[in-house]
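Only one structure is covered here, and it is reproduced in the block below.
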Amino acid sequence: MVKNKPIGIFDSGYGGLTVFKSIAEKLPGYDYIYLGDTARAPYGNRSFQTIHQYTWECVQWLFKEGCPLIILACNTASAKALRTIQQHDLPNLDPSKRVLGVIRPTAEVIGNYTKTNQIGVLGTKGTVQSGSYVIEIAHFFPDIKVYQQACPLWVPLIENGEYDKPGADYFVEKYLDQLLSQSPDIDTLLLGCTHYPLLIKKIRQHLPEHIKIVSQGEIVAESLVDYLHRHSEIENNLSRADAQHFFTTTDDTADFDHYAKLFFPAPVKSAFAEIKC
Ligand code: DGL
């Protein structure tokens, strides 16, 4: 497919497109290949072993397409698979390759948004149970208290095209109420799943006005700019001549193209990615 060296962007499904959009805006000159594992999404309720296996298979597929650098634009994969990939899989396969996640760059800056030092994090069951945000945020902002809420039905609603339909309101309100009942002083809400920005209008409607909503797209994009600045050995290895955007999916390409239209103005013609298990 791509004969050069694109930046790989991976998500279980369409959610990573919210991050890809911001990255492509901030770093327009590079070649990119996006892979959505839509056939096996959602990942959020799956076991550690399964999430690691699926993510690693997709990462290896992107490596075969020539990517020297891959962004896991998925909190669940970042929480459950990234450490094993970085510490075990990559050194065995090819230590020159890089795989980065979305949790650490978010944790590095999220404390700058709150005045009450109380943050709410919404994520998949996998992300919340991993405790990754609690641990990482404590690292950078030890005074901040993090309240978490899993929203297991949000990704299925989004992947099934229900994110802007009236039925979604019930589950948006339900999980927000559960989060806010944990503390009246939460003033910042982190959307700790890259799918959730698709629900942002409904989240805003059901959230008290004074609570800020933080999505990850721009945060991750800024962090990648900084990373490439600091790592010229990786940056020099990326192709940027054609600024090509390739989209690939492990399931129906027409469905994928429909979603991609929400984020990318030019018509998207995705290709089928066969991930061999
Ligand atoms: N976009 C993924 C995330 O950020 C969704 C995970 C899923 O497939 O459930 O967590």
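Every read-out reported here was derived from the displayed coordinates using simple, explicitly stated rules and does not represent laboratory data. Note that the structure is predicted; figures quoted are calculated from it, not measured. Don't worry about glycine lacking a Cβ; one is built from the backbone with ideal geometry, like all the others, and counts go over all protein chains shown.
General remarks:
- The Cα atoms of the stretch 78-181 give a gyration tensor whose axes a ≥ b ≥ c have a/c of 1.5 or more with a/b no greater than b/c, which makes the shape oblate.
- The local environment of K97, defined by Cβ-Cβ distances under 13 Å, has a net charge of -1 under the rule Lys, Arg +1 and Asp, Glu -1.
- Charge tally around K276: other residues with Cβ under 14 Å, Lys/Arg +1 each, Asp/Glu -1 each, net -2.
- Adding -39500 (n - 2.57) for every DSSP H run of four residues or longer, then dividing by how many residues the chain holds, sets the calculated 222 nm ellipticity at -11000 deg cm²/dmol.
- Global form of the stretch 1-44, assessed from the alpha-carbon gyration tensor, a/c cut-off 1.5: oblate
- A243/R204 FRET efficiency (R0 41 Å; Cβ-Cβ; nearest 0.05): 0.80
- Residue of A150, A254, A81 that the Gaussian network model of the chain assigns the largest fluctuation, springs spanning Cα pairs under 10 Å: A254
- Across the chain, the volume of the C-alpha convex hull divided among the residues equals 121 Å³ per residue.
- For V214, the residues whose modelled amide H falls within less than 5 Å of its own, excluding neighbours fewer than 5 places apart on the same chain, are L189, L190, L191.
- Among A73, A138, A107, the largest mean-square fluctuation in a Gaussian network model of the chain (Cα springs under 10 Å) belongs to A138.
- Peptide ranges 224-233, 202-211 listed from the most packed, as the mean C-beta count within 10 angstrom indicates: 202-211, 224-233
- Proximal lysines relative to K97, as straight alpha-carbon distance under 24 Å, when same-chain residues fewer than 8 apart are discounted: K3, K5, K21, K26, K64, K80, K276
- Positive-pole candidate from V225, V172, Q182, dipole of the stretch 158-248, charges at beta carbon: V172
- Segments 256-263, 40-47, 89-96 sorted - mean Cβ within 10 Å per residue, highest first: 40-47, 256-263, 89-96
- Under 10 Å, Cβ to Cβ, from A77 - net charge with Lys/Arg +1 and Asp/Glu -1: -1
- Around the Cα centre of the chain, unit charges on the Cβ atoms of Lys, Arg, Asp and Glu (plus for the first two, minus for the last two) sum to a dipole of about 220 debye.
- Fluctuation leader among E173, E25, E159 - the chain, Gaussian network, Cα springs under 10 angstrom: E25
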